[in-house]
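Q: Questions regarding the structure given below will be posed in turn.
Each reported figure results from applying straightforward, stated rules to the coordinates on display, with no laboratory input. Not measured: the values here are computed from a predicted model. Here the Cβ is made from the backbone with ideal geometry for all residues, glycine too, and neighbour counts use every protein chain on show.
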Amino acid sequence: MSTRGFRWIGASAPGGALYVEWERPEGLGSSTPIVLVHGGGGQGTDWLGTPDGRPGWAPLLVELGWPVYVVDRPGYGRAAGTGPEAAERGPAPVREMTAGIFASGADPRHTQWPGPGGPDDPAIVQLTASSAGIALDQAAAQRHDGEQLVRLLEDIGPAVVVTHSLGAPAGWLAAAARPDLVRAVVAIEPPGPPFLDAPQIGLSLGWGLTSAPLPYDPPVTSPEELRQAAKPTLPGLKYLPVAVVEAEASPLGGGARAVAEYLREVGAHADHLRLVDHEVRGNGHGMVLELNNHEVLDVVLTWLGTLDLPS
C-alpha cells in the first residue's frame with residue numbers, strides 16, 4: 001500500500017511552476033526520497049511507465065520501498081501552461097528526430113528498445129506524442145529549473161536527485177546551491193562533455209556543466225573567466241556522491257566519462273557507471289524506458305547502496 005498526491009511548486013514564480021507527483025510506500029523502506037527529473041523535451045510520464053506499457057522507474061522504486069517525487073519541469077507535461085508566454089521554444093520533436101535519439105536502428109548493439117525502431121515504431125510514436133520543444137534560452141530555463149528544484153527540496157527535505165539527459169543541469173544547479181538538501185545525484189547520460197558548444201541543437205555548456213552560472217571558487221563572472229581560472233572548484237558539490245550513467249549503444253553517451261572526470265576536478269565524488277561493466281547490455285539513451293529498465297535501475301540502486309543514506 002502507498003499514499004500519493006501532487007502539488008505545484010512556485011506557482012507564482014514568473015518563470016513557471018514545477019509540477020510534482022509523489023508516492024510514498026507504507027511500512028518499511030527508505031526514509032530518503034528520490035526525485036526524478038525528466039530530460040530534454042520529455043515529461044514526468046517518462047518515469048511512470050514505458051512506451052509499451054510496462055512499469056517505469058517511479059512505480060518500481062515505490063515497490064522497493066522508496067518515497068518518490070516525479071517532476072514536470074516548467075513548460076513541459078502538466079506544467080506546459082505555466083511557463084512565461086514570451087519564452088521561445090524550438091519546434092516539437094518529430095518522429096524522425098525521436099527515433100534518431102532513442103531508436104534509429106543504426107547500432108546493432110542496441111537491442112533493448114521496446115520496438116523495431118524508426119519513425120513508424122509504435123513506441124517512438126508514443127514517445128514523440130509526449131515530447132515538446134526545448135527552450136531556446138537554456139541559461140534562463142536551467143536557472144529557473146534549478147531554483148524550482150531547490151524549492152521542492154526545501155519542502156520535502158534531503159533527497160537523492162536522479163536526472164535524465166538535459167534534466168541534469170537542474171540537478172547540478174540545485175546541488176551547488178543547497179548541498180545540504182542533496183544526498184546524491186544520479187545523472188543518466190547528462191549533456192557533455194563539459195564546455196560543450198553545440199549551436200546546432202541550441203546548447204552551450206559555457207559554465208562547464210550548465211548553460212546557467214554555477215557558484216565556483218574562486219568566483220568567476222563569465223564563461224571566459226572560468227576558462228582562464230586555475231583549478232576552480234564548486235564548493236556546493238564538494239564530496240557530493242555522483243553517479244554518471246552511460247549506456248552501451250547510446251548516441252549521446254560519449255561525454256559521460258568526461259563529465260565524471262570534471263566533477264571530480266571540481267570536488268565531487270563522482271563515479272562513471274558504464275552499464276556494460278555491470279553486464280547490462282544493449283541499451284540506448286532511453287535506458288529508463290527500455291526492455292531491461294529494471295536491470296538498469298538495479299545498477300543505480302546497487303551504487304546507492306554503497307552510500308550512507310538514512311534508512
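Q: If Ala243 passes every condition in (1) crowded, with 19+ Cβ neighbours inside 10 Å; (2) closer than 25 Å to Thr98 by Cβ but one, which one does it miss?
A: Of (1) crowded, with 19+ Cβ neighbours inside 10 Å; (2) closer than 25 Å to Thr98 by Cβ, only one is false for Ala243: (2).
Q: In the stretch 159-173, which residues are of a type outside the set (Gly, Ala, Ser) and out of contact with any strand residue (DSSP E or B) (no Cβ under 6 Å at 6 or more places or on another chain)?
A: From the stretch 159-173, those of a type outside the set (Gly, Ala, Ser) are 160-164, 166, 169, 172-173; that's our starting set.
Result: Leu166, Pro169, Trp172, Leu173.
Q: For Leu203, are the conditions met, namely being among the aliphatic types (A, V, I, L, M) and more than 12 Å from the chain's Cα centre (by Cα)? Working first, answer last.
A: Numbers: among the aliphatic types (A, V, I, L, M): yes; more than 12 Å from the chain's Cα centre (by Cα): yes.
The answer is yes for Leu203.
Q: Moving on to the next point. Restricting to helices (runs of 4 or more DSSP H) lying wholly in the stretch 210-311: which have 2 or more residues that are touching a residue at least 40 places away in the same chain (Cβ under 8 Å)?
A: On the way: elements: 223-228, 256-265, 293-304.
The qualifying helices (runs of 4 or more DSSP H) are 256-265, 293-304.
Q: Within the stretch 169-200, track down each residue that is surrounded by fewer than 21 Cβ atoms within 10 Å (Cβ to Cβ), in a loop (DSSP other than H, G, I, E, B) and either among the hydroxyl-bearing types (Ser, Thr, Tyr) or touching a residue at least 60 places away in the same chain (Cβ under 8 Å) (or both).
A: In the first step, residues of the stretch 169-200 are kept if they are surrounded by fewer than 21 Cβ atoms within 10 Å (Cβ to Cβ); the result is 177-181, 193-200.
Then drop every residue that is not in a loop (DSSP other than H, G, I, E, B), which leaves 178, 193-196.
The answer is Pro193, Pro194.
Q: Something else: Which condition breaks for Leu166 when tested against (1) in contact (Cβ under 8 Å) with a residue 12 or more places away in the chain; (2) in a helix (DSSP H, G or I); (3) more than 23 Å from Gly286 (Cβ to Cβ)?
A: (3)
Q: Which residue is nearest to His164 (Cα to Cα), if the candidates are limited to the stretch 11-41 and must be buried (at least 17 other Cβ atoms within 10 Å of the Cβ) and acidic (Asp, Glu)?
A: Ranking the candidates gives Glu21 first.
Q: Which residue pairs have Cβ atoms closer than 7 Å, lie 6 or more positions apart in sequence or on different chains, and pair a first residue in the stretch 124-138 that is over 18 Å from His285 (Cβ atoms) with a second residue that is assigned to a helix (DSSP H, G or I)?
A: Final answer for the pair search is Ala135/Ala141.
Q: Tell me, which strands (runs of 3 or more DSSP E) lie completely within the stretch 1-115 with 3 or more residues that are free of Cβ contacts under 8 Å to residues at least 60 places away in the same chain? Full working, then the answer.
A: Working: elements: 2-9, 18-25, 34-37, 68-72.
Because the criterion is at least 3 residues that are free of Cβ contacts under 8 Å to residues at least 60 places away in the same chain, the strands (runs of 3 or more DSSP E) in the stretch 1-115 that meet it are 2-9, 18-25, 68-72.
Q: Give the residue that is surrounded by the most Cβ atoms within 10 Å (Cβ to Cβ), with candidates limited to residues of the stretch 201-225 that are more than 11 Å from Gln138 (Cβ to Cβ) and hydroxyl-bearing (Ser, Thr, Tyr).
A: Tyr216
Q: Further question: Those residues that are over 16 Å from the mean Cα position of the chain (by Cα) and within 24 Å of Thr302 (Cβ to Cβ), I need them from the stretch 223-253; list them, please. Lay out the reasoning, then the answer.
A: At the first step, the residues of the stretch 223-253 found to be over 16 Å from the mean Cα position of the chain (by Cα) are 223-240, 248-249, 251.
Within the stretch 223-253, Leu237, Tyr239, Leu240, Glu248, Ala249 qualify.
Q: A further question follows. For the stretch 155-171, state whether one or more residues are under 24 Å from Leu304 (Cβ atoms) and among the polar types (S, T, N, Q). Working first, answer last.
A: So in the stretch 155-171, the residues under 24 Å from Leu304 (Cβ atoms) come out as 155-171.
Applying the additional criterion that residues be among the polar types (S, T, N, Q) yields 163, 165.
Within the stretch 155-171 (the criterion being under 24 Å from Leu304 (Cβ atoms) and among the polar types (S, T, N, Q)), the answer is yes, since at least one residue qualifies.
Q: Within the stretch 32-78, track down each residue that is touching a helix residue (DSSP H, G or I) at 6+ places or on another chain (Cβ under 9 Å) and aliphatic (A, V, I, L, M).
A: Those that are touching a helix residue (DSSP H, G or I) at 6+ places or on another chain (Cβ under 9 Å) and aliphatic (A, V, I, L, M): Ile34, Val35, Leu36, Val37, Leu48, Ala58, Leu60, Leu61, Leu64, Val68, Val70, Val71.
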